[in-house]
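Structure, as structure tokens:
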Amino acid sequence: MILNANERTFEPFSLTRLLRTTFGEGSGERVCILIDLPDPADVKDFAFLNDERLSIQNYGYTVFYQGFQSGALAELNWTGGDFFAYKETGGSNLDMEDECFAPDGSQLSLDKDIYPNYDIILTVSTYSATAPLTAKCKEFGFRGATLHGLNQIIVDTGLSVDYEAVSADAERLRLGLTRADRFEIDFEVERGKYTLVLHTNGQEAQKSHGLCPPGKPDVANLPAGEVYFVPDGADGVFPFKYEEGTVGLLHVKDGKIFKSQFVYGDYAQIEAHNQKLADDPMTGAIGELGFGTQVLPFSGRDIQDEKILGTIHVATGRDDHLGGKLTPDLFKERLNASHDDVLYAPHKTPEIRLLEARMYKNGQTKVLIRNYQPADYMVALLEGRADD
């Protein structure tokens, strides 16, 4: 298999191919597009298109809305193609306000006017809406996809792959990792070595694979391509890169980060994190361990980069959309109930070496990743030749 993204070729992006693969053959489903805006009323007459800072939302308009109007809607055998905006949440996977607006300026309700009236909802946003939409799809019965952080690299690569193949690769890795007892990840920063242990206790691995076929309410996260767990517990120490290059060491016990230790950078960021952990300990809860499964170029956006083979992400916060028990009501404040991925990838965390990631399963130890490269066992799983 090709392990170097520079050697891989991609078909030109096709909206029809992407959505038909993800959602299956159409049978008259009604679809709409949601975007988030600082002021959702700016969707009136598509005024937000004049703000160059809103490039993500521009993709929602040009790629999806205009794509539907240009014939994709008929090709998919869908109806609708309507466009709405809601207020940006301010954080990853925070619950959305109910108020939304249409391009004609009318004010609507997500719960009353959108969720019950559309079969497929596509959300192109700055902040991920996967968690709140997963909860809403179970309540209202729709299917959907979340595509936060879109840029041209993602459109040309992560959304231009065969998701049947992505699903098959993810399943091969899932079967190789499922029911593991625990995972250990070794990091190095400033010549210090640290290990984070995540306990999965025989848990079934899950996959994000980009397919959302008819018959079951569900929300796909695109680009897709990962195998993940909701850890039962975690212990140890792992490095964390804050904004502006500050690095701290996060100390974990009983599944929660309980303190950050200064390594270098702006000490005020460490102090602020420790104050937040003291004020609301649930913000330090470890909610996910994920492994990327795709060979893709780095896009500079976590939504794609966490899906790249050889990367690992550890998430804090709510995990109810992943089947976990960390729900928003457990947090002290609404704005604390986010799900935040901590991505370890060579372009994003060059200061931090990912020395090795290991799996312990059935009395055996399998090395999965070394120095951001998939180890032999992972490659063998993808090639269908691993002796599991």
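Which one, Thr178, Pro223, Ser208, projects farthest toward the positive side of the charge dipole computed for region 160-265 from Cβ point charges (K/R +1, D/E -1)?
The listed residue farthest towards the positive side: Thr178.
In the neighborhood of Thr89, defined by Cβ-to-Cβ distances under 9 Å, what is the net charge if each Lys or Arg adds +1 and each Asp or Glu adds -1? Intermediate values should be presented prior to the final figure.
Details: positive: Lys87; negative: Asp36, Glu88, Asp95, Glu97.
Taking every other residue near Thr89 into account, the sum is -3.
Per residue, how much accessible surface does the chain expose to a 1.4 Å probe? Answer in Å², no decimals.
Working: 16240 Å² over 388 residues.
Heavy-atom accessible area per residue stands at 42 Å².
Per 10 Å bin from zero, what fraction in whole % of the C-alpha pairs of region 23-96 is there, up to the bin with the longest pair?
Once binned at 10 Å, the Cα pair distances of region 23-96 give 18, 45, 28, 8.
In whole Å, what is the distance between the alpha-carbon centres of region 13-68 and region 323-344?
Taking the Cα centre of each part, region 13-68 and region 323-344 sit 27 Å apart.
Could you calculate the FRET efficiency of Asp181 with Asp113 from 1/(1 + (r/R0)^6), where r is the beta carbon distance between them and R0 is 41 Å, rounded to 0.05?
Values: r = 48 Å, r/R0 = 1.16.
Efficiency, from the Cβ-Cβ distance: 0.30.
How many nm is it between the label spots at Thr195 and Asn4, if each spot is 7 Å from the Cα in line with the beta carbon?
3.4 nm
Restrict the search to region 1-78; then list the GluC sites (Glu not before Pro) that DSSP places in a loop and that have at most 16 other Cβ atoms within 10 Å of their Cβ. Don't skip to the end; give the middle numbers.
Values: sites: Glu7, Glu25, Glu29, Glu52, Glu75; in loops: Glu25, Glu29, Glu52.
Sparse-neighbourhood loop GluC sites (Glu not before Pro): Glu25, Glu52.
How many nm separate the modelled label positions at Phe262 and Ser27, each set 7 Å beyond the Cα in the direction of the Cβ?
6.3 nm
Show me, for region 230-238, the HN-Hα J-couplings you get by feeding each phi into the Karplus relation (A = 6.51, B = -1.76, C = 1.60, θ = phi - 60°), rounded to Hz, glycine and proline as x.
3J(HN,Hα) across region 230-238, in whole Hz: 9, x, 7, x, 7, 8, x, 9, 9.
Which of these, Gly210, Gly105, Gly310, has the largest mean-square fluctuation under a Gaussian network model of the chain (Cα springs below 10 Å)?
Per the Cα network of the chain with a 10 Å cutoff, Gly105 tops the list.
With every protein chain present, what accessible area does Met359 have (1.4 Å probe, heavy atoms only), rounded to the nearest 10 Å²?
The accessible area of Met359 comes to roughly 0 Å².
Compute the angle between helix 130-140 and the longest alpha-carbon principal axis of the chain, please, reported from 0 to 90 degrees and rounded to the nearest 10.
50 degrees
Taking amide H positions as placed 1.01 Å from N in the peptide plane, with prolines and chain starts having none, which residues 5 or more places from Leu368, or on another chain, fall under 5 Å of its amide H?
Amide H neighbours of Leu368, under 5 Å, 5+ apart: Ala357, Arg358, Met359.
Please find the FRET efficiency linking Arg385 to Asp162, where r is the Cβ-Cβ separation and R0 is fixed at 25 Å, and quote it to the nearest 0.05.
Details: r = 21 Å, r/R0 = 0.85.
E between Arg385 and Asp162, to the nearest 0.05, is 0.75.
Would you work out the relative contact order for region 206-271, in percent, from Cα pairs under 8 angstrom that are 6 or more residues apart? Present the calculation step by step, with values, prior to reporting the outcome.
Values: 102 pairs, mean separation 14.4, N = 66.
Here the relative contact order equals 22 percent.
Taking every Cα atom in region 82-210, find the radius of gyration and the maximum pairwise distance Dmax, and write them in Å.
19.2, 58
Using 7 Å Cα-to-Cβ label points, what is the Glu171/Phe298 separation (nm, one decimal)?
3.2 nm
For region 277-319 and region 122-162, compute the distance between their C-alpha centroids and round to whole Å.
Between the Cα centre of region 277-319 and that of region 122-162, the gap is 16 Å.
Convert each backbone phi in region 19-28 into a coupling constant with the Karplus relation 6.51 cos²θ - 1.76 cosθ + 1.60 (shift: θ = phi - 60°), then list the ³J(HN,Hα) values in order as whole Hz, x for Gly and Pro.
6, 5, 5, 5, 10, x, 5, x, 9, x
Using modelled amide H (1.01 Å from N, peptide plane; none on Pro or chain starts), what sits under 5 Å from the amide H of Asn221, excluding residues fewer than 5 places away?
Correct list: Thr146, Gly210.
Might you report the magnitude of the Cβ-based charge dipole of the chain about its Cα centre, with Lys and Arg at +1 and Asp and Glu at -1, to the nearest 20 debye? Walk me through the numbers before you get to the answer.
On the way: 37 positive and 60 negative charges, 202 e Å.
That gives the chain a dipole magnitude of about 980 debye.
Two decimals, Cα atoms only, Kirkwood Rh: what is Rg/Rh over region 168-281?
On the way: Rg = 17.5 Å, Rh = 16.4 Å.
Across region 168-281, the Cα-based Rg/Rh ratio is 1.07.
Counting pairs of alpha carbon atoms under 8 Å apart in space and at least six apart in sequence, what relative contact order in percent does the chain give?
On the way: 916 pairs, mean separation 57.2, N = 388.
The value is 15 percent.
Going 7 Å from the Cα of Glu139 toward and past its Cβ, which residues in region 311-331 have a backbone nitrogen under 20 Å from where you end up?
Residues 318-331 qualify, since their backbone N sits under 20 Å from the label point.
Name all residues of region 328-365 having a backbone nitrogen under 17 Å from the label point set 7 Å from the Cα of Gln373 along its Cα→Cβ direction, giving them as ranges.
Flagged as within label range: 345-347, 353-358.
How would region 134-187 be classified by its alpha-carbon gyration tensor: rounded, prolate or oblate, with rounded meaning a/c under 1.5 and the a/b versus b/c comparison settling the rest? Working shown, then result.
Values: a/c = 1.77, a/b = 1.28, b/c = 1.39.
Oblate, since a/c reaches 1.5 and b/c is not below a/b.
If we count every other residue with Cβ under 15 angstrom of Asp279's Cβ, Lys/Arg +1 and Asp/Glu -1, where does the sum land? Present the calculation step by step, with values, prior to reporting the outcome.
Details: positive: Lys256, Lys259, Lys276, Lys332, Arg334; negative: Glu271, Asp280, Glu333.
Net charge in that neighbourhood comes out at +2.
Can you give the helix-only mean residue ellipticity at 222 nm for the chain, where every DSSP H stretch with n ≥ 4 adds -39500 (n - 2.57) and the sum goes over all residues, rounded to the nearest 500 deg cm²/dmol? Before the final figure, lay out the partial values.
On the way: 8 runs with 68 residues, N = 388.
One gets -5000 deg cm²/dmol as the mean residue ellipticity at 222 nm.
May I ask for log10 I(q)/I(0) of region 238-342 at q = 0.24 Å⁻¹, from a Debye sum over the Cα atoms as equal point scatterers with solvent left out?
-1.30
The values are calculated or read from the model by the stated rules, or taken from the named source; none is laboratory data. Bear in mind that the values here come from a model prediction, so they are computed numbers and not experimental data. A quick note on method: Cβ atoms are made from the backbone with ideal geometry, for glycine too, and the neighbour counts reach across all protein chains shown. Calculation scope for accessible area: heavy atoms of the full protein, side chains included, ligands and nucleic acids excluded. Shrake-Rupley method; radii C 1.70, N 1.55, O 1.52, S 1.80 Å.
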